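Student: Handing you a structure now.
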Amino acid sequence: MQEVFFSKEYEGTQIPTLEEVVNVCKDKVKLNIEIKKQDKNENIEEKVINIVKKYNIQNQCVITCLNYEVLQNIKKLDNSIKVGYLVAMGEGEFYNLDVDFFGLETSLVNENIINLIHNKGKKVVAWTVNKQDDMQYMINLGVDNIITNIPQVLRDNIVLASKLKK
(Lines give C-alpha, C1' and ligand atoms only; values in the text may rest on other atoms or scores of the structure.)
Protein backbone atom coordinates (compact mmCIF):
# COMPACT_ATOMS: atom_id res chain seq x y z
CA MET A 1 0.00 0.00 0.00
CA GLN A 2 1.37 3.40 -0.99
CA GLU A 3 1.87 5.90 1.80
CA VAL A 4 0.21 9.27 1.28
CA PHE A 5 2.21 12.34 2.21
CA PHE A 6 0.56 15.47 3.47
CA SER A 7 2.67 18.53 4.17
CA LYS A 8 2.79 19.57 7.84
CA GLU A 9 2.24 23.11 6.54
CA TYR A 10 -1.41 22.24 5.86
CA GLU A 11 -2.05 20.16 8.97
CA GLY A 12 -5.46 20.97 10.42
CA THR A 13 -6.66 22.75 7.25
CA GLN A 14 -10.39 22.29 6.80
CA ILE A 15 -12.14 21.72 3.48
CA PRO A 16 -14.02 24.94 2.68
CA THR A 17 -17.78 24.95 2.32
CA LEU A 18 -19.35 25.73 -1.03
CA GLU A 19 -20.45 29.10 0.33
CA GLU A 20 -16.88 29.92 1.41
CA VAL A 21 -15.56 29.01 -2.04
CA VAL A 22 -18.22 31.07 -3.80
CA ASN A 23 -17.54 34.01 -1.50
CA VAL A 24 -13.84 33.97 -2.47
CA CYS A 25 -14.31 33.21 -6.18
CA LYS A 26 -17.31 35.40 -7.08
CA ASP A 27 -16.54 37.63 -10.08
CA LYS A 28 -13.03 36.13 -10.36
CA VAL A 29 -13.35 32.66 -11.90
CA LYS A 30 -16.01 30.37 -13.32
CA LEU A 31 -16.98 27.54 -11.02
CA ASN A 32 -17.71 23.91 -11.82
CA ILE A 33 -19.83 22.76 -8.89
CA GLU A 34 -19.91 18.97 -8.87
CA ILE A 35 -22.66 17.41 -6.81
CA LYS A 36 -21.89 14.01 -5.34
CA LYS A 37 -25.31 12.56 -4.55
CA GLN A 38 -25.44 10.46 -1.41
CA ASP A 39 -28.32 9.48 0.86
CA LYS A 40 -26.94 11.61 3.68
CA ASN A 41 -27.00 14.87 1.66
CA GLU A 42 -30.77 15.19 1.39
CA ASN A 43 -32.06 18.14 -0.65
CA ILE A 44 -28.53 18.85 -1.90
CA GLU A 45 -29.87 20.34 -5.13
CA GLU A 46 -31.90 22.94 -3.26
CA LYS A 47 -28.99 23.78 -0.95
CA VAL A 48 -26.65 24.34 -3.91
CA ILE A 49 -29.21 26.41 -5.83
CA ASN A 50 -29.84 28.57 -2.75
CA ILE A 51 -26.13 29.42 -2.55
CA VAL A 52 -25.89 30.06 -6.29
CA LYS A 53 -28.86 32.42 -6.12
CA LYS A 54 -27.72 34.10 -2.90
CA TYR A 55 -24.45 35.11 -4.59
CA ASN A 56 -26.08 35.65 -8.00
CA ILE A 57 -23.58 33.42 -9.83
CA GLN A 58 -25.97 31.64 -12.19
CA ASN A 59 -23.90 32.85 -15.17
CA GLN A 60 -20.59 32.22 -13.44
CA CYS A 61 -21.03 28.53 -12.70
CA VAL A 62 -22.02 25.17 -14.08
CA ILE A 63 -23.29 22.24 -12.09
CA THR A 64 -22.12 18.73 -12.91
CA CYS A 65 -23.02 15.29 -11.61
CA LEU A 66 -22.78 11.59 -12.45
CA ASN A 67 -26.47 11.33 -11.52
CA TYR A 68 -28.81 12.50 -14.30
CA GLU A 69 -31.77 12.83 -11.91
CA VAL A 70 -29.85 15.39 -9.84
CA LEU A 71 -29.27 17.49 -12.97
CA GLN A 72 -32.95 17.35 -13.88
CA ASN A 73 -33.80 18.52 -10.35
CA ILE A 74 -31.37 21.43 -10.77
CA LYS A 75 -33.05 22.42 -14.06
CA LYS A 76 -36.48 22.32 -12.36
CA LEU A 77 -35.21 24.61 -9.60
CA ASP A 78 -33.42 27.06 -11.92
CA ASN A 79 -33.37 26.48 -15.67
CA SER A 80 -30.87 29.31 -16.21
CA ILE A 81 -27.98 27.31 -14.73
CA LYS A 82 -25.96 25.19 -17.17
CA VAL A 83 -25.71 21.52 -16.22
CA GLY A 84 -23.29 18.87 -17.38
CA TYR A 85 -23.69 15.12 -17.20
CA LEU A 86 -20.49 13.39 -16.14
CA VAL A 87 -19.99 10.17 -18.05
CA ALA A 88 -17.62 7.56 -16.69
CA MET A 89 -18.88 4.66 -18.85
CA GLY A 90 -20.07 5.04 -22.44
CA GLU A 91 -23.22 2.95 -22.36
CA GLY A 92 -26.21 3.58 -24.58
CA GLU A 93 -27.09 6.82 -26.28
CA PHE A 94 -26.30 9.10 -23.33
CA TYR A 95 -25.62 11.95 -25.74
CA ASN A 96 -29.40 12.29 -26.21
CA LEU A 97 -29.94 13.34 -22.59
CA ASP A 98 -31.30 16.82 -21.87
CA VAL A 99 -28.21 18.59 -20.51
CA ASP A 100 -26.09 21.52 -21.66
CA PHE A 101 -22.82 19.59 -21.99
CA PHE A 102 -21.18 16.26 -21.32
CA GLY A 103 -18.13 15.72 -19.13
CA LEU A 104 -16.40 12.60 -20.43
CA GLU A 105 -13.73 10.59 -18.69
CA THR A 106 -10.78 10.76 -21.10
CA SER A 107 -10.87 7.08 -22.09
CA LEU A 108 -14.31 7.71 -23.63
CA VAL A 109 -13.24 10.67 -25.75
CA ASN A 110 -12.84 9.96 -29.45
CA GLU A 111 -13.68 11.70 -32.71
CA ASN A 112 -16.93 9.77 -33.17
CA ILE A 113 -18.40 10.61 -29.75
CA ILE A 114 -17.33 14.25 -30.06
CA ASN A 115 -19.14 14.45 -33.42
CA LEU A 116 -22.28 12.79 -31.99
CA ILE A 117 -22.38 15.27 -29.11
CA HIS A 118 -21.54 18.32 -31.23
CA ASN A 119 -24.27 17.31 -33.72
CA LYS A 120 -26.72 17.56 -30.80
CA GLY A 121 -25.55 21.14 -30.21
CA LYS A 122 -23.82 20.20 -26.95
CA LYS A 123 -20.27 20.68 -25.72
CA VAL A 124 -17.68 18.09 -24.69
CA VAL A 125 -15.53 18.49 -21.58
CA ALA A 126 -12.74 15.94 -20.99
CA TRP A 127 -11.75 15.01 -17.43
CA THR A 128 -9.26 14.64 -15.68
CA VAL A 129 -6.44 15.36 -18.12
CA ASN A 130 -3.10 15.83 -16.34
CA LYS A 131 -0.49 14.66 -18.86
CA GLN A 132 0.75 17.14 -21.44
CA ASP A 133 0.52 14.62 -24.31
CA ASP A 134 -3.07 13.80 -23.34
CA MET A 135 -3.93 17.50 -23.23
CA GLN A 136 -2.58 17.99 -26.73
CA TYR A 137 -4.46 14.92 -27.94
CA MET A 138 -7.75 16.24 -26.48
CA ILE A 139 -7.14 19.66 -28.06
CA ASN A 140 -6.46 18.00 -31.43
CA LEU A 141 -9.65 15.92 -31.15
CA GLY A 142 -11.67 19.10 -30.65
CA VAL A 143 -12.99 18.92 -27.10
CA ASP A 144 -14.55 22.17 -25.93
CA ASN A 145 -12.95 22.22 -22.51
CA ILE A 146 -10.53 20.27 -20.33
CA ILE A 147 -10.62 19.63 -16.60
CA THR A 148 -7.15 19.26 -15.12
CA ASN A 149 -5.31 19.43 -11.82
CA ILE A 150 -2.42 21.30 -13.45
CA PRO A 151 -3.92 24.30 -15.25
CA GLN A 152 -0.56 25.96 -15.93
CA VAL A 153 0.46 23.06 -18.21
CA LEU A 154 -2.91 23.20 -19.98
CA ARG A 155 -2.57 26.97 -20.46
CA ASP A 156 0.86 26.45 -22.04
CA ASN A 157 -0.57 23.76 -24.36
CA ILE A 158 -3.42 26.03 -25.46
CA VAL A 159 -0.98 28.83 -26.24
CA LEU A 160 1.18 26.41 -28.22
CA ALA A 161 -1.86 24.99 -30.07
CA SER A 162 -3.08 28.46 -31.04
CA LYS A 163 0.36 29.36 -32.41
CA LEU A 164 0.44 26.17 -34.49
CA LYS A 165 -2.97 26.94 -36.05
CA LYS A 166 -1.85 30.38 -37.31
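Student: Evaluate the range 34-47: report whether one residue or more is closer than 27 Å to Ala126 by Cα, surrounded by 14 or more Cβ atoms within 10 Å (Cβ to Cβ) and in contact with a Ser or Thr (Cβ under 9 Å, 6 or more places away or on another chain).
Tutor: yes
Student: For the range 70-99, which residues satisfy the criterion of being farther than 24 Å from Asn110 by Cα and touching a residue at least 12 places away in the same chain (Cβ under 8 Å)?
Tutor: At the first step, the residues of the range 70-99 found to be farther than 24 Å from Asn110 by Cα are 70-81.
Across the range 70-99, the qualifying residues are Val70, Leu71, Gln72, Asn73, Ile74, Lys75, Leu77, Asp78, Ser80, Ile81.
Student: Now a separate question. Being within 24 Å of Leu141 (Cβ to Cβ), of a type in the set (Lys, Arg) and in a strand (DSSP E or B), is that true of even one residue in the range 114-124? Let's see the steps before the verdict.
Tutor: Our first condition is that a residue be within 24 Å of Leu141 (Cβ to Cβ); within the range 114-124, this holds for 114-124.
From what is left, the residues that are of a type in the set (Lys, Arg) are 120, 122-123.
If we keep only those that are in a strand (DSSP E or B) as well, we get 123.
Within the range 114-124 (the criterion being within 24 Å of Leu141 (Cβ to Cβ), of a type in the set (Lys, Arg) and in a strand (DSSP E or B)), the answer is yes, since at least one residue qualifies.
Residues checked against (1) closer than 14 Å to Ile33 by Cα; (2) buried (at least 16 other Cβ atoms within 10 Å of the Cβ); (3) among the hydrophobic types (A, V, I, L, M, F, W, C); (4) not assigned by TED's automatic domain parsing to the domain that holds Glu34:
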{"position": "Lys53", "(1), (2), (3), (4)": "yes, no, no, no"}
{"position": "Ile57", "(1), (2), (3), (4)": "yes, yes, yes, no"}
{"position": "Cys61", "(1), (2), (3), (4)": "yes, yes, yes, no"}
{"position": "Glu69", "(1), (2), (3), (4)": "no, no, no, no"}
{"position": "Asn79", "(1), (2), (3), (4)": "no, no, no, no"}
{"position": "Phe94", "(1), (2), (3), (4)": "no, yes, yes, yes"}
{"position": "Leu104", "(1), (2), (3), (4)": "no, yes, yes, yes"}
{"position": "Val109", "(1), (2), (3), (4)": "no, yes, yes, yes"}
{"position": "Asn112", "(1), (2), (3), (4)": "no, no, no, yes"}
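The values are calculated or read from the model by the stated rules, or taken from the named source; none is laboratory data. Since this is a predicted model, take the numbers as computed values, not measurements. All Cβ positions, even for glycine, are placed from backbone atoms using ideal geometry, and neighbour counts span all protein chains on display.
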